[in-house]
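What follows is a single structure, written as structure tokens, with notes after it.
The values are calculated or read from the model by the stated rules, or taken from the named source; none is laboratory data. Just so it is clear, the structure is predicted and the values come from calculations on it, not from any experiment. The area values use the complete protein model at the heavy-atom level, side chains included, leaving out ligands, DNA and RNA. Shrake-Rupley method; radii C 1.70, N 1.55, O 1.52, S 1.80 Å.
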Amino acid sequence: MKKSFFALLTTLLTIYSLSARAQITDPVDPLRPSLPDTTQTIVQDSLSVGSADQGEDEVDMADPDSVTYRIKLTADGTANSGNVNRILLQLTGALEYELSRQFKLSTNPSFIYGRQNGMLNEREWFGDLRTTFKYDNRLYYLAFGSMERSNLRQIALRFTAAGGAGYKLINKASAYLSITDVLLYENTNFIELNDIKVLRNSARIYGEYFMGKDKRWSISHTAFYQPALNQKGNVRWNASLSVQVRVTSAVSLRTTAFNSYESIISPGRKNNDFRWTMGLVYEKK
């Protein structure tokens with residue numbers, strides 16, 4: 001039963017990944033799975049790891065002998081009626097799989113649909129595939145590719161490919177903080193503008209922190225800064241902040257604020273987009 005469920009979910013996520021995106025979501029860090037299991041969290045807090053790579057009071061968040069994959073599904077949205085009729089639905093997923101002690105694969109597909117006063121505003125698709133090398137180390141390496149489409153930003157197709165390194169600043173059971181820096185190639189096919197091909201430097205900071213006696217509460221944040229290296233004035237940045245409370249071992253309530261900025265946009269579109277959603281999170285390891 002478990003194998004059938006895992007195979008079905010993998011197929012669905014693969015379909016999402018081949019579909020593509022152009023909106024900010026809150027991609028989780030595959031090196032730091034959230035900990036919905038209270039017992040597991042308490043056990044990890046009691047571990048004493050003194051390796052030269054991780055340091056005192058730091059823990060290995062992935063046990064290769066017992067955990068080979070992780071699934072996380074999120075549904076957010078909002079609805080308004082009256083003077084303004086507004087519907088927004090956001091579906092995101094996260095799947096990671098440990099190929100070996102050295103390599104890990106992960107994907108974070110997403111879909112956003114939004115209508116306002118009968119008009120379709122958002123129909124955003126995103127799919128990616130990421131591989132991480134030496135993911136247990138403080139210093140690790142990563143490569144990924146992604147595809148996206150956006151009705152909101154009038155992007156017919158955007159393709160990116162990147163590679164670089166990451167570093168875990170903090171890696172404890174109650175707090176995690178990492179930075180990554182990659183060289184990124186981007187090819188964007190706008191519906192109205194000419195195609196743009198740029199080389200970017202993409203810097204990201206990601207953090208996740210657990211609070212409360214049983215660590216039911218958590219806060220996570222992600223921020224990207226992506227200036228073009230071969231095109232002056234072309235810059236992208238986005239950020240998200242989420243607050244989450246666990247209601248069962250696998251289900252949590254969450255509210256998230258997103259902000260996304262692009263300097264090069266289609267005519268009639270705004271550079272900045274902000275979104276605030278509330279929803280449910282299902283997580284299984």
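Please give the Cα centre distance for region 145-176 versus region 70-137, rounded to the nearest Å.
Cα centres, region 145-176 to region 70-137: 12 Å.
Could you rank I112, I191 by how accessible they are, 1.4 Å probe, largest area first? Don't jump to the answer; show the numbers that get you there.
Values: I112 0, I191 100 Å².
In descending accessible area the options line up as I191, I112.
Show S174, S146 ordered by accessible area, largest first, where the area counts protein heavy atoms only and the probe is 1.4 Å.
So, going from the largest accessible area down, we get S174, S146.
To the nearest 10 square angstrom, how much accessible area does M278 have with a 1.4 angstrom probe?
Result for M278: roughly 130 Å² accessible.
With every protein chain present, what is the per residue accessible area of region 118-188 (1.4 Å probe, Å²)? Show your work: numbers first, answer last.
Values: 2780 Å² over 71 residues.
That works out to 39 Å² per residue.
Leaving ligands, DNA and RNA out of it, work out the accessible area of F133 with a 1.4 Å probe and give it in Å² to the nearest 10.
70
Let me cross-check T248: its accessible surface, 1.4 Å probe, with only protein heavy atoms counted, in Å² to the nearest 10?
T248 has an accessible surface of roughly 70 Å² with all protein chains in place.
Roughly to the nearest percent, how much of the accessible area of region 226-267 is carbon and sulfur, given a 1.4 Å probe? Each step should come with its number before you reach the end.
Values: 1180 of 1840 Å².
Ligands and nucleic acids excluded, carbon and sulfur give 64 percent.
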